[in-house]
Amino acid sequence: MRRALAAILIFLSVGLAPGTDQRLTKVDKSSQRITASALDDPAARKGMLRFVRGWRLESPNPAFGGFSALAIVGPDRFQLASDGGYGARLTLPPGGRVEDALIAPLPSPGRRANKKSAGDFEAMAFDRASGVTWVALEGRNQVWRFDAALARVESRAVLPKPRWPVNSGPEAMVRLADGRTLIFSEDASDDPRGRAALLFAGDPAVPGARATRFVYADEGKGLVSDAAALPDGRILLVHRKLGLRPVFTTILAIADPADIRPGGVIRSRAIGRVPAPLAENYEGAAVEVRGGRTFLWLVSDDNFNSWQRSLLIEFELVGLPRRQSPRTADSKKAAP
C-alpha cells in the first residue's frame with residue numbers, strides 16, 4: 001500500500017496531470033498581474049544555508065505556474081520558464097511589490113502541438129552579456145537558444161545519441177564561465193554507477209555539437225532537478241526526493257566540473273536542505289553574487305495543483321568548503 005501511495009504521489013507531483021495542457025488553452029491568459037506574499041522565516045539554518053527572504057507568487061492568469069527553471073536577468077529581475085510552455089519575467093524588490101511583469105508563451109520554431117512535450121522546458125541558462133537564453137526540453141531531448149527579446153528561436157539541436165527517455169531527459173543545465181555547458185538528465189541511466197550527464201565544449205543548441213559523456217552519482221541525495229554555477233567555478237546541484245512527510249525534500253550539494261572525465265563518475269558534497277516549513281517541489285535555481293556574498297534563489301513547480309505553491313526563496317550560502325586544487329584532491333585520494 002505504501003509503495004502504491006508513493007507512486008500516486010509521484011504521478012500527481014512530478015508533471016502535469018492529464019488534460020492540463022487542454023485546460024490551459026481554453027481559458028483567458030491575458031492577465032499580467034502577479035502578487036507576492038512574504039513567507040515566514042523558518043528560523044532554522046540548515047547546513048550552509050541562511051534564509052534571507054521568500055514569497056509565494058500568485059496570478060489570476062492560469063498559465064502562471066509550473067515553473068521548472070529560473071534565471072536572474074538583472075537587479076531584482078527574474079526570468080521563469082514552465083514545463084507548460086510559458087515564461088514569465090518580473091521585478092521583485094525587497095519590499096515584495098511585483099513590478100514590470102510579463103506572462104507569455106515562450107517562442108517555438110514551429111506550430112506548437114497541444115501536448116506537454118511541445119513546450120516542456122525543464123532547464124534554463126542565461127548569458128547576461130548578450131541577453132541570450134538557452135532552454136532544455138525534456139520531452140524532445142533538445143536545447144533551444146532564444147534571442148535576447150525572447151521573440152524567436154535562434155538555434156536548436158537534439159542532444160547526442162543515445163536518446164534519453166522522454167520522462168527522464170534533460171533536467172538541469174549550467175553554463176560555465178568559460179563557455180562550456182553542463183546538462184544533467186533527471187533519471188537516464190544505463191550505467192549502475194549513476195545517471196547520465198553531458199559536458200559541451202560550447203553551445204549545445206548548435207546542431208552537431210559534440211559532448212563528453214559522464215555519470216553523476218547522487219549517493220542517495222535524490223534526482224537532480226536543477227543546477228547553477230558558483231563564483232569559484234564549482235556548481236550547485238538541487239536534488240529532489242519524494243516521500244510522505246514532507247512530500248518533497250530538497251537537498252543541495254556542490255560538485256566540481258574539474259572532476260569530469262570521459263565516461264567517468266563525479267560526486268557531490270551535501271551542504272544542506274530546504275527547511276521543512278518551506279518544503280516544495282523546487283525545480284529552478286540561480287546563484288547571485290552581491291557585495292562579495294553568494295546567494296541562492298530557488299523557484300518551485302506547483303504542477304498547476306491547488307495543494308502546491310509557486311515559491312521564490314533566497315538563501316545566503318555561508319561557510320562553504322573551499323575548492324580543492326586537482327593536485328590536492330589527487331593526493332588525498334592516493335593517501336592510505
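Derivation of every value follows stated rules applied to the coordinates shown; laboratory data play no part. Worth saying up front: this structure is predicted, and the values here are computed from it rather than measured. In this analysis, Cβ positions are derived from the backbone assuming ideal geometry, glycine residues included, and neighbour counts consider all displayed protein chains.
Could you sort 49-56, 222-229 so that the peptide with the highest average Cβ count within 10 Å comes first and the rest follow in order?
On the way: 49-56: 18.4, 222-229: 23.1.
Per-residue mean Cβ counts within 10 Å order the peptides as 222-229, 49-56.
Whole-Å semi-axes of region 27-160's equivalent ellipsoid, largest first, each the root of 5 times a Cα gyration tensor eigenvalue?
Numbers: eigenvalues 146, 64, 44 Å².
Its equivalent ellipsoid spans semi-axes of 27, 18, 15 Å.
Counting C-alpha atoms alone, how compact is the chain: give Rg to one decimal and Dmax as a whole number, in angstrom.
Spelled out, the Cα radius of gyration and Dmax of the chain are 19.0, 66 Å.
Is any residue of region 122-156 close enough, with backbone N under 13 Å, to a label point placed 7 angstrom from the Cα of A104 along the Cα-Cβ axis, and if so, which?
Under 13 Å, as judged by backbone N against the label point of A104, lie 147-153 of region 122-156.
Amide H neighbours of G85 under 5 Å, counting only residues 5+ apart in sequence or on other chains, H built in-plane at 1.01 Å?
Placed amide hydrogens put F121 under 5 Å from G85.
Convex hull volume of the Cα atoms in region 185-336, per residue, in Å³? It would help to have the intermediate numbers written out before the result.
Numbers: hull volume 25.2 nm³, N = 152.
Given the Cα convex hull of region 185-336, per-residue volume reads 166 Å³.
Using Cα centres only, tell me the gap between region 282-308 and region 26-95 in whole Å.
Answer, in whole Å: 8.
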